[in-house]
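Reviewing the structure listed below.
Every number here is computed from the coordinates shown, using simple stated rules; none is lab data. Predicted model only: the values in this text are computed from it and were never measured. For neighbour counting, all protein chains shown are included, and Cβ atoms are generated from backbone atoms with ideal geometry for every residue, glycine included.
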Amino acid sequence: MANTHSGRTTLHGTSVVGKRLLALLSAHYIYILLVVFWIAASVASPYFRMMSTFSNIITSAVPISLIGFGQTLVVLSRGFDLSVGAVASMATAVASVTMVKGIIPSIILVLIFAVIIGAINGFGITKLRIDPFIMTLCMMFFLTGINQLIRPSPGGYIPDDFKGLLLYQVGDFPLTSFLILVVAAAVGFVILQKRKFGREIYAIGGEPEYARMSGINTDQTRVKVYIVSAVAAALGGLFIAARIGSGNAEAGASYLFDSFTTVFMGGTLVTGGVGGYSGTLGAALIISSIGRILQFLGINIWYHFIVKGVLLASVAGFQLYFARKGRRSG
Amino acid sequence: MLKRISFTLEQGRIYGLVGENGAGKSTLVKILMGLFPPEEGEILIAGERIYIRDPQQARYEFGIDAVFQEHALIPQMSIAENVFLDSLQSFYDGGFINNRRMEADSREVLNKVGLNLDVSVHASEISEAEKSLVELSKALYRDPKILILDEVTAPLPSEIVHQLFDIMQTLKQAGKTIIFISHRLHEVLTICDEILVLRDGNFEGCIDNTEKEDLAATRKEVVLMMTGTEKGLHFPPKAKAEAREQNVLSLMNLRNSRLRGINLDVYKGEIVALAGLRGQGQSAILRAVAGLLTHVEGDILLEGKTKRIRNPYDAIESGIFYVSDRRDEEELWLTHDVWLNISLASINDRAPFGIIRMKNDRSVIEDMVSNLRIETPSLAKIVQQLSGGNRQKVVLGKYLLARPKILLMDQPTIGLDVGAKVEIYNLLRKLVDEGIPALVVLTDLEEVVSLPDRILVMREGVIAREFSGLEVNEEELVDSYYG
């Protein structure tokens, strides 16, 4: 039964090179963008070239990229998680109340809460068939209220040991933050590319019904995705707690939007099944760079919203262009 | 979908499963694979009652496997991953999926059906024939006791079909049971020992074909059982003679990815039907003329003048109106009232300087409602609360106000009950008599025979045969559907 593929000859020959190049470019454009960004900023402002700036960018990218980690998995599986910001806030609130009794037990408690939250999200979405948007929106409201009950006003106690460990620097180099980013990148690659769980996420996001027909337990995998999302958001929240040195029921709120911005800017498609974590990570670095650059150029910080909006829209536009081009040459 | 189906299959035999579009074949396959549970009834294997929870259980516990009609491959994943999608963990080396081993193993699985592919490419990049064979090799690899092949031959060239038949014979000798579903009756007659016939979700019977003698007689029997006879529908009389005077629409060498050169004419005073098996390009013709498809080549002439139709707006401006078969999704604002639904398409006519003259609008809509005999207590009735037949009349009313030159309708009576169908037939005939011809896609055999003045049978993107509506030989018609 050979020679059934007459229509494929175009795949070989010159167009393959072009296609590969396009694929390479569209897979790593975010890092090209990041380098261009950094070079331009260094030229524009001498302050930007300082190590402390780099340190600041890396440190503020940590919570964005951790929370974006979970959101990447969720979006890849054709879902949404609107509760990530509230989960991060929950982590700061719970930590600020319980770390008095011990750091490790407090972290474990935060993670247990996260697992429960993720499991409830997953249960509502798969078993009760509530739309992910609605289910996680409700979870966000619920947690926002709970957070206020746990920590009505910012404050509480975050031990110096905890802060010292997470914000540890060698000279101006933020060692812990850097390691967290490296580990997140490695874990993201392994889970998504090298583990059954990750491959199933792509299958579900690509064609949910076909995934089921192929014998994947789609409900189970989706529940796991929401648990991972909540746990990643809680880890991001713990880092935020260390940075601000206290608990705050609203500390995570702005990270919800950043999580979507990084995921989409990083090339993961809103329709699921296409994308990955490396893009999200690059986008997290870009987002945390924007704030610094504007600051050094002496531009009002509110402009960074405008920049983010314009940047995301352009990146999304380019993606569409590349996707169409890729399809036509294929 | 399915009403009452019972049959028994024996080991080491090949069964054909046939029926018209929508008879319930694919539904039955999905029930057997645990994709949706039956509401009633039971499934027994070797005398023991089983409950099939999901495809995983069907495959590994009960030994049932299927090649699905839709080729359930994930387009953005590699062929190798698609082959082993439900058992990726078996390729773990130190906790990581070993891609090289997976690709080597998948190559071996594909070789069993003689398929030689680059298994690292995405499933979206291979042809339909290749997809079909990938699915087949997947199923064969799991060595099922019961193998279901749902339209697996549809995209395959004939020499490969014969090789598939050889494989099926080998499996049969090894004591496997095969359920073979195909629209190509000659294939079913060639390979199957028994033929199970479904119609409208009912099991009609089983025809023995063990000897494979006198295939023509068996074929006749099968076709009769598949189509049967229904009663209760009354059709308006057809035009007395073929109307060939005033040409309204002509298509010249219309082509796109589905259509392979369509030439047709529609004249004033006639209903022309596009018939054939589902998905042969009938709807694509309507959608191409309505400006809903891109990359369409060829000429569209309206009343003898070439029209450039690049989008639905162009079509509507020219007087070409398309009525989708997805009435509730594409034609109606379900949560709005009758007034708005009928008015909106032609509102500019009644809104000088952009201001709607409500009184004028109201009286025009009221006239249309009484003209079409739409049963609604008032214009303020929400369309969702109307019956299917009245909804279809609302759709027609919407377009009639815009004074169409021709109506293109995709399955105009889909989802309607008998009474409503008859009303739509009468309405269509009345419109045609008043000068608006209709080009309609019909799937129900009785409608094809009794409604149109001309029948164009489509097969694989071309018009394969034309029948005059004045005298239709039903068997000849159905026969022409199949290649």
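Give me a single rounded figure for B:65-73: the average over its residues of other chain Cβ atoms within 10 Å of their Cβ. Don't skip to the answer; put the middle values down first.
On the way: counts 1, 1, 0, 4, 0, 4, 2, 8, 6.
Across B:65-73, the average partner-chain Cβ count within 10 Å equals 3.
Based on DSSP H segments of at least four residues, each scored -39500 (n - 2.57), the protein assembly as shown has a per-residue ellipticity at 222 nm of -16000 deg cm²/dmol.
Evaluate the charge dipole of the stretch B:120-185 about its Cα centre and quote only its size in Debye, nearest 20, assuming +1 on the Cβ of each Lys and Arg and -1 on the Cβ of each Asp and Glu. Don't jump to the answer; show the numbers that get you there.
Details: 7 positive and 9 negative charges, 74 e Å.
Dipole size: approximately 360 debye.
Ranking B:424, B:402, B:12 by Cα position along the charge dipole of chain B, where only Lys, Arg, Asp and Glu carry charges on their C-beta atoms, puts B:402 farthest toward the positive end. Packing, as the average of other Cβ atoms within 10 Å across residues, places the peptides B:36-47, A:203-214, B:259-270, A:30-41 in the order A:203-214, B:259-270, A:30-41, B:36-47, highest first. Computed on chain B, the Cα convex hull volume stands at 183 Å³ per residue.
Just checking the output field for A:214-222: average partner chain Cβ neighbours within 10 Å of each residue's Cβ? All intermediate terms of the calculation are to be shown ahead of the outcome.
On the way: counts 14, 15, 7, 4, 1, 1, 0, 0, 0.
Average per residue, whole number: 5.
Report, as an integer, the average count of C-beta atoms from other chains found within 10 Å of each Cβ along A:201-213. Show your work: numbers first, answer last.
Numbers: counts 0, 4, 9, 1, 2, 8, 8, 1, 4, 11, 5, 7, 14.
The per-residue average across the peptide is 6.
Provide the packing ranking of B:66-74, A:98-106, i.e. peptides ordered by the mean count of other C-beta atoms within 10 Å per residue, highest first. The partial results should precede the final answer.
Working: B:66-74: 23.0, A:98-106: 15.3.
Peptide ranking by packing, descending: B:66-74, A:98-106.
For the peptides B:151-162, A:190-201, residues were scored by their other Cβ atoms within 10 Å and the scores averaged per peptide; the highest-first order is A:190-201, B:151-162. Counted over the stretch A:61-176 with a bin width of 10 Å, the fraction of Cα pairs per bin, in whole percents, is 13, 38, 32, 15, 2, 0. In this entry, the stretch B:275-408 is assigned a mean projected area of 9.7 nm², taken as a quarter of its C-alpha convex hull surface. DSSP finds beta bridges in the protein assembly as shown, and of those with both partners inside it, around 50 percent are antiparallel.
Suppose every Lys and Arg Cβ carries +1 and every Asp and Glu Cβ carries -1, with no other charges. What dipole size does the stretch B:14-227 come out with about its Cα centre, to the nearest 20 debye? Let's see the in-between values first.
Numbers: 20 positive and 35 negative charges, 61 e Å.
Value, rounded to 20: 300 debye.
Charge dipole (Cα centre; +1 on Lys/Arg Cβ, -1 on Asp/Glu Cβ; no other charges) of the stretch B:332-402 amounts to roughly 20 debye.
Where does the stretch B:117-183 land on Rg(C-alpha)/(2.2 N^0.38 Å)?
Details: Rg = 12.4 Å, N = 67, 2.2 N^0.38 = 10.9 Å.
Output field value: 1.14.
Computed across the stretch B:332-402, the Kirkwood radius stands at 11.9 Å (inverse of mean 1/r, all Cα pairs). Taking the fewest neighbouring Cβ atoms within 10 Å as the starting point, the ordered list for A:202, B:482, A:226 is B:482, A:202, A:226. Stokes-Einstein diffusion of the protein assembly as shown at 20 °C, 1.002 mPa s viscosity, Kirkwood radius from Cα pairs, rounded to a whole number: 69 µm²/s.
At 4 °C and 1.567 mPa s, what whole-number value in µm²/s does Stokes-Einstein give for the translational diffusion of the stretch B:14-227, with Rh from the Kirkwood sum over Cα pairs? Could the numbers behind the result be given before it?
Values: Rh = 18.3 Å.
My calculation gives 71 µm²/s for D.
Mind grabbing the base-10 log of I(q)/I(0) for the stretch B:280-356 at q = 0.13, 0.21, 0.22, 0.25 Å⁻¹? Debye formula, identical points on the C-alpha positions, no solvent, two decimal places. Ignoring solvent entirely, the Cα scatterers give -0.52, -1.04, -1.08, -1.19.
Rounded, prolate or oblate for chain A? Axes are the square roots of the Cα gyration tensor eigenvalues, ordered a ≥ b ≥ c, and the cut-off for rounded is a/c under 1.5.
Numbers: a/c = 2.12, a/b = 1.26, b/c = 1.69.
In terms of gyration-tensor shape, oblate.
Comparing A:306, A:158, A:171 along the charge dipole axis of the protein assembly as shown, the residue lying farthest to the positive side is A:171, per the Cβ-charge model. Each 5 Å bin from 0 upward holds the following percent of the Cα-Cα pairs of the stretch B:1-59: 4, 15, 26, 28, 21, 6, 0. Note that the stretch B:121-275 carries a Kirkwood radius of 19.7 Å, evaluated over its alpha carbons pair by pair. Each of A:232, B:237, B:464 was placed along the dipole of the protein assembly as shown (beta-carbon charges, centred on the mean Cα), and the one lying farthest toward the positive end is A:232.
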